[in-house]
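Asks: Just passing along the structure, written as structure tokens.
Where a number appears in this text, it was derived from the coordinates with a stated rule and is not lab data. All values derive from a computational prediction rather than experimental measurement. FYI the Cβ positions are ideal-geometry reconstructions off the backbone, even for glycines, and counts take in every protein chain you see.
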Amino acid sequence: MVLAKLLQQIEELYPQLPPSQLAKLLLLLVQDCSDSIDEFTDSSSIVDRLVPLQLQLHSAQDQEAAVAEELDQLASTHPAEFSPSHVWTLIRAIKVQKQIIDLFRGFDAISTSTIPC
């Protein structure tokens with residue numbers, strides 16, 4: 001199967017999504033497949049794999065939004081008021097960014113979360 005055909009199948013499954021979201025789903029699906037995209041022979045095999053990937057992506061995006069809010073609050077803190085809790089906020093932000101990057105690089109990025117792959 002070629003990528004264009006797989007993208008077309010994803011588009012048929014999710015016609016309401018904009019092209020950028022379709023491309024994300026395609027990337028996640030291709031990065032997640034073990035050997036080749038030929039394993040996605042029908043719509044049900046695509047959906048079976050996309051649903052957990054979408055949950056992982058939404059989880060990572062929710063975590064990123066929460067951390068972004070914490071970072072915004074941290075940015076408004078005067079440097080003299082910096083505390084150990086601020087360091088932990090920065091560490092959480094780095095970990096969340098790593099999860100998102102790993103997800104798109106094809107690693108089991110969110111293996112420690114509540115959503116099994």
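Asks: Using 1/(1 + (r/R0)^6) with R0 = 30 angstrom and r between the beta carbons of SER59 and GLN8, what's the FRET efficiency to the nearest 0.05?
Replies: In this case the efficiency is close to 0.65.
Asks: If you don't mind, there's one more thing I want to ask. Semi-axes, largest first, in whole Å: what does sqrt of 5 times each Cα gyration tensor eigenvalue give for region 67-109?
Replies: Here the semi-axes work out to 27, 9, 6 Å.
Asks: For region 1-44 and region 51-96, what is the separation of their C-alpha centers, rounded to whole Å?
Replies: 30 Å
Asks: How much length, in nm to one decimal, is gained on full extension between LEU74 and SER45, taken as 0.36 nm per residue of separation minus their Cα-Cα distance?
Replies: 6.1 nm
Asks: What is the fewest-to-most order of HIS58, HIS86 by other Cβ atoms lying within 10 Å of their Cβ? Walk me through the intermediate numbers first.
Replies: Working: HIS58 11, HIS86 16.
Least crowded to most crowded, the residues run HIS58, HIS86.
Asks: Using the Karplus curve 6.51 cos²θ - 1.76 cosθ + 1.60 with θ = phi - 60°, work out ³J(HN,Hα) for each residue of region 68-75 in order, rounded to whole Hz, and write x for Gly and Pro.
Replies: 4, 5, 4, 5, 4, 5, 5, 5
Asks: Simple spin-label model, 7 Å along Cα-to-Cβ: LYS98 to GLU81 in nm?
Replies: Here the modelled spin labels are 2.9 nm apart.
Asks: Stokes-Einstein D for the chain at 25 °C, 0.890 mPa s, Kirkwood Rh over Cα pairs, in µm²/s?
Replies: 154 µm²/s
Asks: Here's something else I'd like to know. Restricting to DSSP H runs of at least four residues, report the calculated mean residue ellipticity at 222 nm for the chain, -39500 (n - 2.57) per run over all residues, nearest 500 deg cm²/dmol. If you can, show how the numbers build up before the last one.
Replies: Details: 4 runs with 80 residues, N = 117.
Helices in the chain give a 222 nm mean residue ellipticity of -23500 deg cm²/dmol.
Asks: If the only charges are +1 at each Lys and Arg Cβ and -1 at each Asp and Glu Cβ, what is the size of the charge dipole of region 3-105 around the Cα centre, to the nearest 20 debye?
Replies: On the way: 7 positive and 15 negative charges, 51 e Å.
So the dipole magnitude of region 3-105 works out to roughly 240 debye.
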